[in-house]
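Have a look at the structure below before the remarks.
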Amino acid sequence: MPEIKNNLYNAFDNVLSKDLNKTLLVLQNGLKVSRESVIMQSARIANALKSLNAKPGDRISIQTEKITDSIALYLACLRGGFVYHPLNPAYTSSEVSYFFDDADPAIIICDPKNEEIYKTLFGVPKKIPILTLSNQNKGSLISRSKSQSTEYRTHACATDTLAALVYSSGTTGKPKGIMLSHNNLVSNTETLIKTWKLSETDCLIHTLPIFHVHGLFVAINSCLLTGGSMIFLPYFDPKTVIDCIPRATLMMGVPTYYTRLLKTGQLNRSKCKNMRLFISGSAPLSINTFNDFKQATNHEIVERYGMTETLMNTSNPVDGRRKSGSVGLPLEGMSIRISNPINEVGELEIKGPNLCTGYWQKEEDTKRSLTVDGFFKTGDQAREDTDGYITIVGRKTDLVITGGLNVYPVEVEKVINDIKDVLECTIIGVPDDDFGEAVTAIVVRKDGSQLNENKIIELTKKKLASYKVPKAVFFVSQLPRNTMGKIQKNIIKQQFIK
């Protein structure tokens, strides 16, 4: 039954309205933004979108840089019952064409630099209103919003009403729109707050992009639902983050953030004495980074695991053992199973209130992604130990089958990453006439290292069965990564598989 209380915005408002004068955001220039300011701006924007005939259920496609008004825009979509559809600002006009065609938005909000070309491509033939938004309160969205009311009645909805449409990365085909409901988002956020013991006294260093689950639905939602505050930075810069650490209690990031912070040599225990938690996700955290970070700061990074389709699923505990190399224990209220016995690798399957309602306009894909009893097939290969901790060993699609034997890349990567002069590596399978696929290592050496292929193979043989040992090692200056720090194996394969 549609009710205002089912709307995620209502949950945020119940917390934020208790003290409207409290600071919600601290900007890079030191400017403080109150809860009241963001709430009022969200009402103006919601009214502006409604004035353009946006209706509940309509998609609002957003491709802008990360700015202060981004949060007000997100809240405006929730308040109006509009479907928030974020897009990577790095996408070109040819790339976003697919998303606009598939999502069929009622309104497009973009950076001013893209306005004219988007009007030509999407505004004229489809008559889609195109608004702009950029820093320093610029853009037609803000201009249109200024005269609007600061009051807006929150849209009443059902718990399974669509709140956001977020697209997969599409590395194995065309990206799919993942439908996330109001209940998906609020239930997962409540679970994370309990798991990580978040509260209104926490101050989060927010450096993540906000077109992705991590930066938006993990970081921002957690802050809004606890009533905490954020040091809201436009992007990750190691020096800026280190300057912010003494004023914060929390940081959420991808592994690359932590390796870059360590590389500055400026992290120490004194600087981090006020920090409560460093949390990592979106890509595997190496054991070396975990150990080096602990040595430098006396903090063990909390690694967790999630997907766009399922939001967050597991986490190492705040109180209790944090196992390096593991993504921790299943979160409360979620059913997680592996298709093989304890300590054996199998596909990870997940069920719970966090599971998305399906793929946008792809009913058959939705059906194929589920087991007969409603578990989501993640495609991730995992292992559960006797303590119940989950370790992700790789994607099903990354599995290397050599001589009929399965090799999970993460297992080999961990061994090579432990070699003294290795900065990082990834493992791929290269077609081989004899073995079918040959285990192949792509390695980034530390500066000045003379480490060679023979040495890596020699050291790897001491710790792995012979069929897992790389048949070849190639050295590169860096590994290609996406905006969330995940190594893009599809790009590497294009380079090394001819």
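The values are calculated or read from the model by the stated rules, or taken from the named source; none is laboratory data. None of the values given here were measured: they were computed from a predicted structure. Glycine also receives a Cβ, built like all others from the backbone with ideal geometry; neighbour counts cover every protein chain displayed. Protein only, heavy atoms only, side chains kept; ligands, DNA and RNA dropped before computing areas. Shrake-Rupley method; radii C 1.70, N 1.55, O 1.52, S 1.80 Å.
For the range 1-61, what does the accessible surface come to per residue with a 1.4 Å probe? Please give it in Å².
On the way: 2910 Å² over 61 residues.
Spelled out: the 1.4 Å probe surface of the range 1-61, per residue, equals 48 Å².
With all protein chains in place and a 1.4 Å probe, the accessible surface of the range 363-498 carries 48 percent carbon and sulfur. The value obtained for the range 101-219, namely the Cα convex hull volume divided by the number of residues, is 192 Å³ per residue. Normalised Debye scattering of the range 1-72 at q = 0.19, 0.23 Å⁻¹ gives log10 I(q)/I(0) of -0.97, -1.22, counting only Cα atoms as equal scatterers and leaving out solvent.
In plain terms, the bigger the Kirkwood radius, the slower the diffusion; for the range 448-498, with that radius from Cα pairs, at 25 °C and 0.890 mPa s, Stokes-Einstein puts D at 189 µm²/s. Taking the DSSP beta bridges with both ends in the chain, the antiparallel portion is around 60 percent.
Taking a probe of 1.4 Å, how large is the accessible area per residue of the range 367-498, in Å²?
Details: 6940 Å² over 132 residues.
With all protein chains present, the range 367-498 gives 53 Å² per residue.
Our helix-only sum for the chain, with -39,500 (n - 2.57) per DSSP H run of n ≥ 4 divided by its residues, gives a mean residue ellipticity at 222 nm of -8000 deg cm²/dmol.
Leaving out ligands, DNA and RNA, what percent of the accessible area of the range 1-58 is carbon and sulfur, probe 1.4 Å? Present the calculation step by step, with values, prior to reporting the outcome.
Values: 1400 of 2880 Å².
Answer for the range 1-58 is 49 percent, counting heavy atoms of protein chains only.
With Rh defined as the Kirkwood radius, the inverse of the mean 1/r over Cα pairs, the Rg/Rh of the range 147-292 is 1.01.
The peptide list 341-351, 155-165, put in order of mean Cβ contacts within 10 Å with the highest first, becomes 155-165, 341-351.
Where does the charge balance sit around Gln148 when Lys and Arg score +1, Asp and Glu -1, over other residues with C-beta under 11 Å from its C-beta?
Values: positive: Arg44, Lys50, Arg144, Lys146; negative: Glu151.
Result for the local shell: +3.
Averaging 1/r over every pair of different alpha carbons in the range 318-413 and inverting the result gives a Kirkwood radius of 14.8 Å. Partner lysines whose Cα lies under 23 Å from the Cα of Lys461, excluding those fewer than 8 positions away in the same chain, are identified as Lys414, Lys420, Lys446, Lys471.
The base-10 log of I(q)/I(0) for the range 38-132, evaluated at q = 0.22 Å⁻¹, reads -1.14 [Debye formula, identical scatterers on Cα atoms, solvent excluded].
When a/c is below 1.5 the answer is rounded, else prolate if a/b is larger than b/c, else oblate, so apply that to the range 393-498 with a ≥ b ≥ c taken from the square roots of the Cα gyration tensor eigenvalues. Taking the square roots of the gyration eigenvalues as a ≥ b ≥ c, the range 393-498 is oblate.
The Cα trace of the range 152-236 gives Rg and Dmax of 14.5, 43 Å, the first to one decimal, the second as a whole number. Take every Cα pair under 8 Å whose residues are at least 6 apart in sequence, average their separation, divide by the length of the range 1-101, and the relative contact order is 25 percent. Hydrodynamic estimate: the Kirkwood radius of the range 216-284 over Cα pairs, inserted into Stokes-Einstein at 4 °C and 1.567 mPa s, corresponds to D of 101 µm²/s.
Could you tell me what fraction of 2.2 N^0.38 Å the Cα radius of gyration of the chain comes to, as a two-decimal ratio? Each step should come with its number before you reach the end.
On the way: Rg = 23.1 Å, N = 498, 2.2 N^0.38 = 23.3 Å.
Ratio of Cα Rg to 2.2 N^0.38 Å: 0.99.
Of all aspartates and glutamates in the structure, the ones whose alpha carbon falls short of 17 Å from that of Lys22, not counting any fewer than 8 places away in one chain, are Asp13, Glu36, Glu200, Asp202.
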